[in-house]
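Novice: Structure incoming, see below.
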Amino acid sequence: MDYARFRQKGYFVGSGTVESGGKQISGLRLKRAGARWTEHGAVTTAKARAAWLSGQWDLLASKRAALPMPS
């Protein structure tokens, strides 16, 4: 990877941003006091939180009818 070029363009090239994103998704929602999660519920919640934090929520919500829903 050409780190210098990507840094020059203002891209994040370190792992800190990804780790912070993981903390935002899991730490703030999934690790609340008294929370109990199934693996499926945790994954679904993490995906929803990622969509919200990335600004994709409205786009996904508008396409909700076409999304696969759990059985």
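Novice: Which FRET efficiency, nearest 0.05, do S20 and T45 yield, Cβ-Cβ r, R0 22 Å?
Specialist: Efficiency, from the Cβ-Cβ distance: 0.75.
Novice: Using unit Cβ charges (K, R positive; D, E negative) and no other charged atoms, how large, in debye to the nearest 20, is the dipole of the chain about its Cα centre?
Specialist: That gives a dipole near 140 debye.
Novice: Select from A33, A46, A61 the residue whose mean-square fluctuation is largest in a Gaussian network model of the chain (Cα-Cα springs shorter than 10 Å).
Specialist: Taking springs between Cα atoms under 10 Å, the residue moving most is A33.
Novice: Separate question: So for the chain, taking the charge dipole from beta-carbon charges (+1 Lys/Arg, -1 Asp/Glu), which of A66, F12, T44 sits furthest toward the positive end?
Specialist: T44
Novice: A further question on this structure: Using only the alpha-carbon atoms of the chain as identical scatterers, what base-10 log of I(q)/I(0) does the Debye formula give at q = 0.25 Å⁻¹?
Specialist: Log10 I(q)/I(0), no solvent term: -1.11.
Novice: Here's a follow-up. Would you be so kind as to identify which of Q56, Y3, A35 lies farthest towards the positive end of the dipole of the chain, taking Lys and Arg as +1 and Asp and Glu as -1 on Cβ and the Cα centre as origin?
Specialist: In the chain, that residue is A35.
Every number here is computed from the coordinates shown, using simple stated rules; none is lab data. All of these numbers come straight from a predicted model, not from anything done at the bench. Because the Cβ atoms are built from the backbone with ideal geometry, glycine has one as well, and the counts that use them run over all protein chains shown.
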